[in-house]
Structure formats: structure tokens, C-alpha cells
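First comes the structure, then the notes that go with it.
The values are calculated or read from the model by the stated rules, or taken from the named source; none is laboratory data. Just so it is clear, the structure is predicted and the values come from calculations on it, not from any experiment. Neighbour counts are summed over all protein chains in view; Cβ atoms, including those assigned to glycine, are modelled from backbone coordinates with ideal geometry.
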């Protein structure tokens, strides 16, 4: 089983929001977020894990590449 999360910083905390699953967690640091995310996924998929199904966590990070501006001639 594969579960995907969008990872972003809200200015104060690192956040993980499930893309298809109703899971949300956060942490002050990325390390804390990863720990909280693993715990949240284990709780959410407790039955599947007990049946020894593999649950993989994939993260998609949001970051700014830059802005694009239209050049003007003058």
C-alpha cells in the first residue's frame, strides 16, 4: 500500500497533509515531522499493519522555483 503526503512549511511548523488519506500532522522540525508522520500512518493503517501489509510513505514537497516576469521593451 502506498500513501502520499504533501510536505510544506506554514511559516511556523512543518506540515504533512495526506493526498488521498485523511491524515494530517505537523512538527517544529523536519525530524519531528517525520517521526509524527510515521506514528500517524501507523495509527491510521493499524488494521492493515496487523495483517502484515506493507504501508509505504511517499512525500511530495512544495518549494518555490522562482517567479517569471514578462519582459518589457523601453
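Below are the figures for this structure:
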{"read-out": "Strands (runs of 3 or more DSSP E) enclosed by the chain - at least 3 residues per element that are surrounded by 10 or more Cβ atoms within 10 Å (Cβ to Cβ) and at pLDDT 95 or above", "value": "2-9, 14-18, 24-27"}
{"read-out": "Members of the stretch 8-23 that are within 11 Å of the chain's Cα centre (by Cα) and within 16 Å of residue 61 (Cβ to Cβ)", "value": "8, 9, 14, 15, 16, 17, 18, 19"}
